[in-house]
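See below for the structure under consideration.
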Amino acid sequence: MKNVSLKIDDSIFGETEKILSRIKKPRNRYINEAIDYYNRLQRRLFLEQRLKMESELVMNDSMTVLKEFEEIDYVD
């Protein structure tokens, strides 16, 4: 494990202490779980952005292909 020193806003610290007293969980465990949760959230947001970008690229290509098909003169 790594040791980390951090500064927490007084209001956040106070709220955290109130919650910890009710859930009976060590502060260190609570902060580790919070960071893990936030990391997972950020990974999902990165993935969402990437999927949107790739979707737009595919959409543009699909529209180009569709337009080309529409321009083909079909002979019976």
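Some observations on this one:
- Some residue of region 52-71 being among the aromatic types (Phe, Trp, Tyr) and at pLDDT 95 or above: no
- Close pairs (6 angstrom Cβ cut-off, 6 or more residues apart or separate chains): free of Cβ contacts under 8 Å to residues at least 40 places away in the same chain and of a type in the set (Lys, Arg) in region 12-34, surrounded by 11 or more Cβ atoms within 10 Å (Cβ to Cβ) and in a helix (DSSP H, G or I) anywhere: Arg27/Leu20
- Only residues that are in a loop (DSSP other than H, G, I, E, B) and small (Gly, Ala, Ser) were counted across region 1-34, and they come to 1.
The values are calculated or read from the model by the stated rules, or taken from the named source; none is laboratory data. Source: prediction; values computed, not measured. Note that we place each Cβ from the backbone using ideal geometry, even for glycine, and neighbour counts take in every protein chain shown.
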